Amino acid sequence: MIEVTQLTKVFDTTRAVDAVSFTVSREEIFGLLGPNGAGKTTTIRMLTGILKPTEGHARIGGYDIQEHPLEAKQLMGIVPEMANAYVDLSPWRNLLLMGELYGIPRKEREKKAGSLIDLFALSEKMHHRVRTLSKGMHQRVTVAMALMNTAQVLLLDEPTSGLDVESARLIRDIIRTSREEGTAVLLTTHNLQEADELCSRIAIMNHGKIMAVERPENLKRAIKCSTSVEVAFAQEVGEHEVWFESVNRVERKGDRLRLYTEAPELVIPLVVDYSRSTQNLILSLSTIGPDLEDVFLQVTGGGQ
Amino acid sequence: MKVIGQLERSLAVAKKDLLVYFLKGPTLIFGLLLPSFLFIAFAIGRDLSVEFLMPGLLGMTVFFTTSAVGPVIAPWETRMRTFERLVSSPIAFWGIILGDVIASSAFGLFITVIVLTLGALVEGVGIITGYLVVATVLSSFCFSSLGLMLSSHPTSDPSRIMMLSTLIKFPLFLISGVFIPLSEMTSARFISMLSPLTYYVDLARLSIEGTGYLNPGLNVVALALWGSAFFAIAVLLHEKNLDKRF
C-alpha cells in the first residue's frame, strides 16, 4: 500500500531525508524509529503531500503522491506530530469537518463520528471546545479525525508521545485493530518499547537515512544489550575491577562507570558487594534503559 | 476528482472559517472598528449629504470587512498546525483558498447588507440597483482574494500579516474615490484606477447619487478581472510558500 523509492528532501544544504526506500503492505504496522531530527517527520510530510520531495517517489495505494495527490490523500488517515484539531471547535465539529473534507455523505459522516466519539470515550466532552480538553483527550480527537474516512493507509507521527497511560494504551489498541481490519500503518516513534510492541518491521532511521530494517526480535536483543547499570564510587575504580559476570562491557562516563548487561538485577548486588568489600562508598547507582544511540550501534553492527 | 466534490469541500472550509475566525480580535478590529472610526472621522462635523456619504460608507464596509479575515486565517492555521491538516486532506489547494475566500466574502456581504439596508431605509429601495448588487458580490470576492493574497507570506504571526496588509490596503483605500469622487479628481485620477475599490465606489455613486464617472459595465469587468487576478496570485503564492510554513 505504501511504496517509497529513494525519497530525498534537501533544505538549503541539509539532507533531512536521504534516499529513503521502504514498502508497507496491508495488515502491516511498519515502524520508523529514530531520535529527534532523524528525518521521520519530514518523511511523513512528503508522504502526505505537504512537502515536495527533492528526489524520489512515494506511492499510496498505487497513486503517486505528487502526480495524483487527491486520490492518494483520499486513502490516507493522518495523525501529525502535534495534535492539530481545531481548538475552537468541539470534537464533534472537528470530526464532521474531516468527514466533509473526505467527501463522506452527511448521514454516513454523522454515524461514523458518533461511533468514533464512543470508541475514543469522548461522549462527555463531545460538544466542548477542544481547547478545554486535556492533552490526552486532544490527541484522542486527532486520532479519531484520522479514522473518519476508514483509511486504507494510516500515517501516524508519534501518536502517543507525551500522553497519559490510559490514552496511550487506547491509541495503541486502535492501531492494532486498524491493522487487523486490513489497514497499512506507518508509525514513527522514538519509543523503543512501543515500536517493539506494535510493529512487524522496524526501520531504524538516523541522520535522514534508514540504517537498517529489522524484525522486532532483533530490536529486542539490541534493547537488552543496551541496558546498563551506572555507578559512581567515592574513589576511582578501574573498568576491569567491575567487569563482573553477566556484564558485557564497561564504559567510563566522566566519574561514573557504565556496566552494560542483560541482567541489571544480578549486577546491582555485585556492585554493592564490591563496594562493601573494598570499603569504597557508592555515591550514585542507577539502572539506565536502552538508549537509541546504543540500539543503533547494536542493530547496525557498530557495537562491540 | 470532480470539481463539484472539490467545491463541496471548499464550502466545508468556509463553514469552518465562519465558526472559528469571525470573532477573533484582529477580524473585529480591522474589519469593523477601524472602518467605523474612519467613517466617523470623515463625516462628523461636515455638512455632507447622505447621498454623498453612502457610496463611501459602502465601499469602506465591503473593502475592510472582506479583506480583514484572510490575513488572519493563514498565519493562525500555520501556528496551530491546522494548515497541515487541511493540506494533507483530499482537497485541492485552490479549494482551500476558495473556501477561505467564500467565508471572507460571506462575512463582508453580511455586514454590507446591513449597511445597505440602513441606506435603503433612509434613501429608498431605489438605490439598490442590479449593478450595485453584482458589484457588491464581485467586490466581496475581489477584496477577500486580496486579503488571502496578502497572507501568503509564510509566517505564523498574524500581526506581521496584519501590518503588511494595512500597508497595502490603506493606499488602495485612500486613492479610491471614497472621499473625493472621480469626477472631482484632476491629474491624480489615473492613479485611482490602480485600486479595485475605485470601480465599486464609482458604481455605488451611480446607484445612489445617479452619477458615476466610468461606464458601469467597465466597473463590473474591472472588478471581475482584479478579483480573478488576486485569487490566482493568492493560490500560486500560497502553494509556492507551502514548504516554508512547516
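No lab work stands behind these numbers, since they all come straight from the coordinates. Computed from a prediction, not measured in an experiment: that's the story for all the values here. Reconstructed Cβ throughout: ideal geometry from the backbone, glycine too, with neighbour counts over all protein chains shown.
Counting only other chains, and only Cβ atoms inside 10 Å, what mean value do you get across the residues of B:12-21?
Working: counts 8, 3, 0, 4, 9, 0, 0, 6, 6, 1.
Average neighbour count from other chains, rounded to a whole number: 4.
If you take each beta carbon of peptide B:78-85 and count the beta carbons of other chains within 10 angstrom, what is the mean? Spell out each step's value before the answer.
Details: counts 0, 0, 7, 7, 9, 2, 8, 14.
Mean number of neighbouring Cβ atoms from other chains: 6.
Take A:Phe120, B:Phe246, B:Phe63, B:Phe170 and order them by how many other Cβ atoms sit within 10 Å, fewest up front.
The order, fewest Cβ neighbours first, is B:Phe170, B:Phe246, A:Phe120, B:Phe63.
Nearest 20 debye, what's the magnitude of the dipole of the protein assembly as shown about its Cα centre given +1 on Lys and Arg Cβ and -1 on Asp and Glu Cβ? Before the final figure, lay out the partial values.
Numbers: 51 positive and 55 negative charges, 213 e Å.
The dipole of the protein assembly as shown has a size of about 1020 debye.
Can you list the residues of the stretch A:136-180 with backbone N under 12 Å from a point 7 Å past the Cα of A:Glu108, pointing along Cα to Cβ?
It comes to A:149-151, nothing else.
Which one of B:Val122, A:Gly62, A:Gln152 has its Cα pushed farthest toward the positive end of the charge dipole of the protein assembly as shown, where Lys and Arg give +1 and Asp and Glu give -1 at the Cβ?
Farthest towards the positive end: B:Val122.
Fewest Cβ neighbours within 10 Å first, please rank B:Val122, A:Val87 accordingly. Could the numbers behind the result be given before it?
Values: B:Val122 10, A:Val87 17.
Ranking B:Val122, A:Val87 by Cβ neighbours within 10 Å, fewest first, gives B:Val122, A:Val87.
How would you rank A:14-26, B:69-81, highest first, on the average number of other Cβ atoms within 10 Å across their residues? Please report the intermediate quantities before stating the final value.
Working: A:14-26: 17.8, B:69-81: 24.2.
Highest mean packing first, the order is B:69-81, A:14-26.
For B:Phe231, A:Phe11, what ranking results if the residue with the fewest other Cβ atoms within 10 Å of its Cβ goes first?
Details: B:Phe231 21, A:Phe11 13.
Ascending Cβ contact count within 10 Å gives the list A:Phe11, B:Phe231.
Output the peptides B:218-226, B:192-200, A:274-282 sorted from most to least packed, where packing is the average of other Cβ atoms within 10 Å over each peptide's residues.
Going from most to least packed, we get B:192-200, B:218-226, A:274-282.
What is the spread of the Cα atoms of the protein assembly as shown along each of their three principal axes, largest first, in whole Å?
Extents along the principal axes: 106, 50, 47 Å.
Arranged from highest to lowest average of other beta-carbon atoms within 10 Å per residue, in what order do the peptides A:157-165, B:180-188, A:47-55 appear?
Details: A:157-165: 18.2, B:180-188: 12.7, A:47-55: 19.9.
Output ranking for A:157-165, B:180-188, A:47-55: A:47-55, A:157-165, B:180-188.
Provide the descending list of Cα extents for the stretch A:227-288 along its principal axes, expressed in whole angstroms.
The principal-axis extents, from largest down, are 26, 23, 19 Å.
Please name which of B:Val113, B:Phe39, B:Thr65 has its Cα lying farthest along the dipole of chain B towards the positive end, using unit charges on Cβ (Lys, Arg +1; Asp, Glu -1) and the Cα centre as origin.
B:Thr65
I'd like the FRET efficiency for B:Ala120 and A:His127, computed as 1/(1 + (r/R0)^6) with the beta carbon distance as r and R0 of 60 Å, rounded to 0.05.
Efficiency, from the Cβ-Cβ distance: 0.95.
Please get the size of the charge dipole for the stretch A:227-288, origin at its Cα centre, with Cβ charges of +1 on Lys and Arg and -1 on Asp and Glu, quoted in debye to the nearest 20. Intermediate results must be reported in sequence, preceding the final value.
Values: 6 positive and 10 negative charges, 30 e Å.
So the magnitude is around 140 debye.
Just to confirm the filter: which GluC sites (Glu not before Pro) across the stretch A:125-228 are DSSP coil and have at most 15 other Cβ within 10 angstrom of their Cβ? Can you show the working numbers first?
On the way: sites: A:Glu166, A:Glu180, A:Glu181, A:Glu194, A:Glu197, A:Glu214, A:Glu217; in loops: A:Glu181.
Within the stretch A:125-228, the qualifying GluC sites (Glu not before Pro) (loop, at most 15 other Cβ atoms within 10 Å) are A:Glu181.
Determine the gain in length on full extension of the stretch A:Gln6-A:Leu119; use 0.36 nm per residue of separation and subtract their C-alpha separation, reporting nm with one decimal.
On the way: separation 113, 0.36 × 113 = 40.68 nm, distance 3.79 nm.
Going from the current span to full extension adds 36.9 nm.
Could you work out how far helix B:216-240 tilts from the main Cα principal axis of chain B, as a 0 to 90 degree angle to the nearest 10?
Helix B:216-240 sits roughly 20 degrees off the main axis of chain B.
Let's test the formula: R0 of 51 Å, r as the Cβ-Cβ distance of A:Glu241 and B:Asp243. What FRET efficiency results, to the nearest 0.05? Working shown, then result.
Numbers: r = 56 Å, r/R0 = 1.09.
E between A:Glu241 and B:Asp243, to the nearest 0.05, is 0.35.
Quick one: which residues, 5 or more positions from A:Ala203 or on another chain, have an amide H under 5 Å from its amide H? H modelled 1.01 Å from N in the peptide plane, none for Pro or chain starts.
A:Gly31, A:Leu32, A:Leu33, A:Glu214
Based on the Cβ-Cβ distance from B:Phe42 to B:Asp157, what FRET efficiency comes out when R0 is 41 Å, to the nearest 0.05? Mind showing how you got there, number by number?
On the way: r = 31 Å, r/R0 = 0.76.
In this case the efficiency is close to 0.85.
For the stretch A:227-288, what's the relative contact order in percent, using C-alpha pairs closer than 8 Å and at least 6 residues apart? Each step should come with its number before you reach the end.
Details: 109 pairs, mean separation 30.0, N = 62.
Once normalised by length, the contact order is 48 percent.
What area, in nm² and to one decimal, does the C-alpha convex hull of the stretch A:88-150 cast on average over all directions?
Working: hull surface 14.6 nm².
Approximately 3.7 nm², given one-decimal rounding.
Over what distance in Å are the Cα centres of the stretch A:196-210 and the stretch A:56-94 separated?
Value for the Cα centre distance between the two parts: 21 Å.
What residues of the stretch A:1-23 lie in the reach of a label at A:Lys52, counting those whose backbone N is under 15 Å from a point 7 Å from the Cα along Cα→Cβ?
From the stretch A:1-23, the list is A:8-12.
Once you charge only the Cβ atoms, +1 for Lys and Arg and -1 for Asp and Glu, what is the size of the charge dipole of the stretch A:88-150 about its Cα centre, to the nearest 20 debye? Provide the component values of the computation, followed by the final result.
Numbers: 11 positive and 6 negative charges, 15 e Å.
The calculation lands at about 80 debye.
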